[in-house]
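Structure first, then comments.
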Amino acid sequence: GDSVTQTEGLVTLTEGLPVMLNCTYQSTYSPFLFWYVQHLNEAPKLLLKSFTDNKRPEHQGFHATLHKSSSSFHLQKSSAQLSDSALYYCALSEATQVVGQLTFGRGTRLQVYA
Amino acid sequence: EAAVTQSPRNKVAVTGGKVTLSCNQTNNHNNMYWYRQDTGHGLRLIHYSYGAGSTEKGDIPDGYKASRPSQENFSLILELATPSQTSVYFCASGDYEQYFGPGTRLTVL
């Protein structure tokens, strides 16, 4: 079945350093990949989505590139900010599945320090 | 922006008791979802719905029922609550972009 694997647990960074959160996936068909972000005591919300190969979506300074050859959709940002501290989920939806049915990874917590 | 609300926001229940979690959305989305969030497991899909009158099993449906009486409302029912169901529950609506409610923290003692 479909699965999503993310960088395990907690990633800590100093403000201003680059961010990279890993996401790899296993899928049977052509997947759509997503990044959701959840700040403390808030609901998850969509950060990025990618519907075509080798297109680079961007939002709030974050970007990700879907690489079908390596089954990856890593989240990157050139310079971390304190406000980026949050829980990040990578998620997958198969093109053949029910529209909107997502498989989430276990989440990566990013903590940015001054 | 889309609006999804949940009630109650916090609930303490006893083992063996019945618990109903309610969700309301004002976006007119056909699809609605119930997830639970646990550290180390992320978000896991319990039940979902395509529209009023429909409910479908997600990845972890055991011990849960769902009800979709209208386009706006989607409930999650625990007929016999157990301590293993202690968790944070999120309702969402939408398709690829899902709009989440604020969550319900459920503790089963």
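The values are calculated or read from the model by the stated rules, or taken from the named source; none is laboratory data. Being a predicted model, the structure only gives us computed values, none of them experimental. Here Cβ is always computed from backbone atoms with ideal geometry, including for glycine, and neighbour counts include all displayed protein chains.
Going by the structure shown, is A:R106 outside any strand (DSSP E or B), at pLDDT below 95 and buried (at least 17 other Cβ atoms within 10 Å of the Cβ)? Steps first, please.
Numbers: outside any strand (DSSP E or B): yes; at pLDDT below 95: yes; buried (at least 17 other Cβ atoms within 10 Å of the Cβ): yes.
So A:R106 fits the description; yes.
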* Could you please tell me which pairs satisfy a Cβ distance under 8 Å, a separation of 6+ or placement on different chains, a first residue in the stretch B:61-77 that is on the phi > 0 side of the Ramachandran plot and surrounded by fewer than 18 Cβ atoms within 10 Å (Cβ to Cβ), and a second residue that is assigned to a loop (DSSP other than H, G, I, E, B) and of a type in the set (V, I, T)? => B:G63/B:T82
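What are the residues in the stretch B:40-67 that are of a type in the set (A, V, I, L, M, F, W, C) and within 11 Å of chain A (Cβ to nearest Cβ), if any? Outline the logic, then answer.
Within the stretch B:40-67, the first condition is being of a type in the set (A, V, I, L, M, F, W, C), and the residues that meet it are B:43, B:45-46, B:52, B:60, B:66.
Within the stretch B:40-67, B:L43, B:L45 meet the criteria.
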* Asked: Quick check, is A:T12 farther than 26 Å from B:G58 by Cα, among the hydroxyl-bearing types (S, T, Y) and either surrounded by fewer than 11 Cβ atoms within 10 Å (Cβ to Cβ) or more than 11 Å from chain B (Cβ to nearest Cβ) (or both)?
  -> yes
* Asked: Is at least one residue of the stretch B:94-105 under 14 Å from B:N24 (Cβ atoms), crowded, with 19+ Cβ neighbours inside 10 Å, in contact with an Asp or Glu (Cβ under 8 Å, 6 or more places away or on another chain) and within 12 Å of another protein chain (Cβ to nearest Cβ)?
  -> yes
